[in-house]
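**Student:** Submitted below is the structure of interest, expressed as structure tokens.
The values are calculated or read from the model by the stated rules, or taken from the named source; none is laboratory data. In this text, all values refer to a predicted model and were calculated from it rather than measured experimentally. Positions of Cβ are backbone-derived with ideal geometry, glycine not excepted, and every protein chain shown enters the neighbour counts. Note: accessible area is taken over every heavy atom of the protein model, side chains too, but ligands, DNA and RNA are not part of it. Shrake-Rupley method; radii C 1.70, N 1.55, O 1.52, S 1.80 Å.
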Amino acid sequence: MNTFADPLRRALQVASHSTGLVCGEVRLSYAAFAGRCARLAGALARLGLRRGDRIAVLANNCHRYIETYVAAPAAGFVVVPLNTRHAVPEVAYALRDSEAAILLTDRDATPYRGLVGRVIRLPDEYEELVQAGPAAALGEGVTEDDLAGLFYTGGTTGAAKGVMLSHRNLLANTVHWLLTAPQDERDRALVMAPLFHAAGTNGVLASIWTAGCQVVLPAFDAARALDLAAAERVTVTLGV
């Protein structure tokens, strides 16, 4: 039985001091990344969140997004990645439908403040939480059948649907990806698809499980993607 905590545990065992995440000027070793994930989980629990509570994210790709994607499910919460291309009514619908307790966002949250218990702005409020948060154990009491993520469909033919994905669902997808596109600790993966989409998060756990390095592009731009790939010696990516 594996949950989101297990890929991170392995990375800590085999590559604790290796760089696991590059985001702009930020470079995090697996030890630093795991520490931030543990403190984020502790901070969310201290805010009163309970297992199964939904944490919505409306933001561009960044290391904080990846931390939330890993830490929230590993702590027993459910991550709800929201489409940054959706209009306000569509985002509001997803927040109501998912019954999100918290919204993490890097943009104006005024239209959504009455729909969630608390809004946490990225980066400043998020960093305050992480720095002050008590470290929480990840993976304790979490099972592979627990809900890990609630991903909303595009809603092109009607209202968007919240797709319920368990730890087992997403880790099975990770295994299938690694069978199709093998990676190891030498690989450097460019995260260029939006993290609100399954394509964006597809390789996150794969890179961690194999102790590789992820290089984050905030939003897709062809020239920036090529420049970043060259500068960071990227070996693998997923695009649509």
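**Student:** Can you tell me the length gained on complete extension of the stretch Arg85 to Arg50, counting 0.36 nm per residue apart and subtracting the Cα distance?
**Tutor:** Going from the current span to full extension adds 9.7 nm.
**Student:** Can you order the peptides 185-192, 47-54 by their average number of other Cβ atoms within 10 Å per residue, highest first?
**Tutor:** Result, highest mean Cβ count within 10 Å first: 185-192, 47-54.
**Student:** Moving on to the next point. With the full set of protein chains in place, find how many percent of the accessible area of region 21-145 is carbon and sulfur; take the probe as 1.4 Å.
**Tutor:** The nonpolar share, carbon plus sulfur, comes to 46 percent.
**Student:** Å³ per residue of the Cα convex hull, for region 70-137?
**Tutor:** 96 Å³
**Student:** For the chain, what relative contact order do you get, as a whole percent, if you take Cα pairs closer than 8 Å and at least 6 residues apart?
**Tutor:** Computed value for the chain: 24 percent relative contact order.
**Student:** May I pose another question? Can you bin the chain into rounded, prolate or oblate? Criterion: square roots of the alpha carbon gyration tensor eigenvalues sorted a ≥ b ≥ c, rounded for a/c under 1.5, prolate for a/b above b/c, oblate for the rest.
**Tutor:** It is rounded, given that a/c, with a ≥ b ≥ c, falls under 1.5.
**Student:** Can you compute the label reach from Glu185? Point 7 Å from Cα along the Cβ direction, backbone N cut-off under 14 Å, restricted to region 24-42.
**Tutor:** In region 24-42, the label zone of Glu185 (backbone N under 14 Å from the point 7 Å along Cα→Cβ) covers 30-31.
**Student:** Using only the Cα atoms, work out Rg/Rh for region 183-227, with Rh taken as the Kirkwood radius, to two decimals.
**Tutor:** Using Cα coordinates only, the ratio equals 0.98.
**Student:** Out of all DSSP beta bridges with both ends in region 1-156, state the antiparallel percent to the nearest 5.
**Tutor:** Details: 4 of 18 bridges.
Beta bridges within region 1-156, antiparallel portion: roughly 20 percent.
**Student:** Per residue, what volume in Å³ does the convex hull of the Cα atoms of region 1-127 enclose?
**Tutor:** Looking at region 1-127, the number lands at 108 Å³ per residue.
**Student:** Mind running the shape call on region 47-106? Use the C-alpha gyration tensor, a ≥ b ≥ c as the square roots of the eigenvalues: rounded below 1.5 for a/c, prolate if a/b tops b/c, oblate otherwise.
**Tutor:** The shape class here is oblate.
**Student:** Calculate, for region 1-156, the solvent-accessible area per residue in square angstrom, rolling a 1.4 angstrom probe over the heavy atoms of the protein chains.
**Tutor:** Details: 6640 Å² over 156 residues.
Value returned for region 1-156: 43 Å² of accessible area per residue.
**Student:** If R₀ is 41 angstrom, what is the calculated FRET efficiency for the pair Ala231 and Ala159, using the beta carbon separation as r and rounding to 0.05?
**Tutor:** For Ala231 and Ala159, the calculated efficiency is 0.45.
**Student:** Same structure, new question: How large is the accessible surface per residue of region 166-240, computed with a 1.4 Å probe and reported in Å² as a whole number?
**Tutor:** 47 Å²
**Student:** A follow-up question, please. With +1 assigned to the C-beta of every Lys and Arg and -1 to the C-beta of every Asp and Glu, and no other charges, what is the dipole magnitude of region 140-240 about the Cα centre in debye, to the nearest 20?
**Tutor:** Dipole size: approximately 280 debye.
**Student:** Report, in debye and to the nearest 20, how large the dipole of region 43-156 comes out about its Cα centre when Lys and Arg carry +1 and Asp and Glu carry -1 on their Cβ.
**Tutor:** Its charge dipole is roughly 280 debye.
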